[in-house]
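What follows is one structure encoded as structure tokens, with my remarks underneath.
The numbers here are math on the coordinates, done by the rules we state, and not lab data. Quick caveat, the model's predicted, so the values are computed rather than measured. Don't worry about glycine lacking a Cβ; one is built from the backbone with ideal geometry, like all the others, and counts go over all protein chains shown.
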């Protein structure tokens, strides 16, 4: 080819490259046949827009501050149709050059061609020393022989995962995401479904780092060891407001497993997971488990060597193991509703054993059953427990005890202290066995707590067979005139656990923990998980004109005639009249 022709072709190619480098958008495949070629051509701030199709490649952002996305990341059908299919033993997408939050991957499906490679390095995403933003992607069918089938975050990587779907991925540690080597990603509002971890963390495994795991949905994930949903092995982790349903683990933590370092599990809904404990703390240190709903698993919270607080949780309908099982632990349990659980091992409600120390305050423990121990609370094997401001009622056990304290030998002596609590059946409902002791202090009551609805046992039409009995939950807010109102003690601190909070600022519904419920001018904490707010006739947490209307609608009616009239008798004097209106009006805005 003549020199002039060669020069002309080179100039033309240079002009094309310059025009592409100056472009704000590079489209695949119209401007570039492959996604990687588009990335290589892109300048800082450019957007690579990928049309629907299947692209057989692996891509590397190479440190570029660019966005790679589908034509519409918010349209699920577009995302599903825009596929990067990797057919080599490498991650589908790589961030390994200090990418920051302005390096964005959005709206693509990341998939690996199935292989038989035992030493698979086929994660959907590798983040090493980088902090990109990864959103609205479908990450499925990827695997890693060690960790992070969907995504592996390592070497101080701090990416943000938001609104992605991780499905059918497999990683030995972390079927969906693995965090290791001080990786601390933000994992927000993602969906994890059907991921598998042969070792730990069906959806997410925290090997090391301080991730925030918030607002995710995890379902049908499984682990052959611990943490069907999440397992923290090391690191400082926050797990909040997640929905963890139908996961499984062969060992501990059907839903969540918390490890030996600081951790916080707050506001999660953990339902129908299969394994040992909806939340398991096998070797935990300082941990806060707060405001979670735990239902339908084999045990609610199972803990060994736990030093921490269990605050404001709703633990209902779990089976096989105690709703709360403590071994070798020092724990403050406050403001929890523990109802309708059944156990073939240990107490139906709270089981305290093996040199544990527990302070149980403002808990409502009702309608639990046990085959071999107390229905409500059991304390044994060198353990010490203080029960204050709590309700034990309607729990079933072979000896009809609400609680027991036991120690077969003097070296296993245990101690149970109960004060300012409602115990159905009184002191006689607490069994004392062997060398152990019961300290029955002041303020204890044997009376109806006056719940809005106490719940009931359903015998399934076979009153002679208790094995099929189930507890139908009620509403455990207090009615006006309840003996629980202002009947507790504000002093529930345990000198044996001075660093653990035992009387939090709010009740299980978020009301201030200490309210002057009987309007005598001296605010005193109520007994039970719920604090009574006088004048709040509809129990919505505030006193307003709606409460005035409800009282007016019930005026002149006998409080015994209906639940509505019973709620409207605000001053509990046996009549709904103008005096109740005056009380509500005087508390408007509270």
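Here is how the numbers come out for the structure above:
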| read-out | value |
| --- | --- |
| Dmax and Rg, reported as Rg then Dmax, of segment 516-590 (C-alpha, Å) | 11.8, 32 |
| Packing rank of 101-107, 357-363, 453-459, where each peptide gets the mean count of other beta carbons within 10 Å, highest leading | 357-363, 101-107, 453-459 |
| The chain, relative contact order in percent, only Cα pairs under 8 angstrom and at least six apart counted | 5 percent |
| Translational diffusion coefficient (Stokes-Einstein; Kirkwood radius from C-alpha pairs) of segment 109-194 at 20 °C, 1.002 mPa s, in µm²/s | 175 µm²/s |
| Rg/Rg_ref, segment 287-382, where Rg_ref = 2.2 N^0.38 Å and atoms are Cα | 0.92 |
| Extension gain (nm, one decimal) between residue 81 and residue 145, 0.36 nm per residue minus Cα-Cα | 20.3 nm |
| Packing-based order for 446-452, 143-149, using average beta carbon neighbours within 10 Å, highest first | 143-149, 446-452 |
| Compactness of segment 49-129 as Cα Rg over 2.2 N^0.38 Å, two decimals | 1.10 |
| Cα-derived Rg over Rh, computed across segment 356-419 with Rh taken as Kirkwood radius | 0.97 |
| Histogram of C-alpha separations across segment 436-477, 10 Å bin width, % | 23, 27, 30, 20, 0 |
| For segment 264-308, alpha-carbon Rg and Dmax in angstrom | 10.1, 27 |
| Rg ratio (alpha-carbon, reference 2.2 N^0.38 Å) - segment 86-234 | 0.88 |
| Residues 532, 276, sorted so that the one with the fewest Cβ neighbours within 10 Å comes first | 276, 532 |
| Packing-based exposure ordering (other Cβ within 10 Å, fewest first) of 236, 573, 46 | 573, 236, 46 |
| Rg followed by Dmax, in Å, when segment 224-349 is reduced to its Cα trace | 12.2, 34 |
| Alpha carbon convex hull of the chain, volume per residue in cubic angstrom | 183 Å³ |
| Extension reserve of the residue 468-residue 562 stretch, reckoned as 0.36 nm per residue once the Cα distance is removed | 30.7 nm |
| Label-point gap, in nm, between residue 428 and residue 538 - each point 7 angstrom along Cα→Cβ | 4.5 nm |
